[in-house]
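Some notes on the structure that comes next.
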Amino acid sequence: MKDFKDFEASLTKENIEYINSSNLSFSGDLADPDDQLNFIGYLGGLDFARTIRLLELYHKWLQKQM
């Protein structure tokens with residue numbers, strides 16, 4: 001099996017843009033403690049979505065390697 005670094009090296013600008021794309025937005029007031037918690041949840045959602053898109057591309061890449 002190829003090394004993960006090979007996958008990383010294969011990522012294009014378009015791949016990176018896809019991984020980082022999001023339709024999530026935050027419009028709270030970070031001075032508000034409740035909105036601070038909402039912001040933490042927002043960041044978690046962004047990270048989760050990015051991870052899923054990265055895994056999707058990795059899975060497709062692995063399939064091409066076989």
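Rule-based calculations on the coordinates, nothing more; no lab input. Being a predicted model, the structure only gives us computed values, none of them experimental. Counting neighbours? That spans all protein chains shown, and the Cβs are built from the backbone with ideal geometry, glycine included.
In sequence order, segment 55-63 has phi-based couplings of 5, 4, 5, 5, 4, 4, 4, 4, 4 Hz under the Karplus curve 6.51 cos²θ - 1.76 cosθ + 1.60, θ = phi - 60°, and Gly or Pro positions carry x. Taking θ as phi - 60° and the Karplus parameters 6.51, -1.76 and 1.60, the scalar couplings of segment 37-49 work out to 5, 4, 5, 4, x, 4, 4, x, x, 4, 4, 4, 4 Hz in sequence order, x denoting glycine and proline.
Per-residue 3J(HN,Hα) values for segment 3-15, derived from phi via the Karplus relation 6.51 cos²θ - 1.76 cosθ + 1.60 with θ = phi - 60°, read 6, 4, 4, 5, 5, 4, 5, 7, 5, 9, 4, 5, 4 Hz in sequence order (x marks Gly and Pro).
Sorted by mean Cβ packing within 10 Å, highest first, what order do the peptides 13-25, 51-63 take?
Values: 13-25: 10.7, 51-63: 12.9.
Those peptides, ordered most packed to least, come out 51-63, 13-25.
The mean sequence distance of close C-alpha pairs (under 8 Å, at least 6 residues apart), as a share of the length of the chain, puts its relative contact order at 37 percent. Against the set [x] 20, 12, 10; [y] 33, 11, 9; [z] 18, 13, 13, the structure's computed semi-axes √(5λ) of the Cα gyration tensor in Å falls on [y]. Amide H to amide H distances under 5 Å link residue 26 with no residue, where only residues 5 or more positions off or on other chains count and H is placed in the peptide plane.
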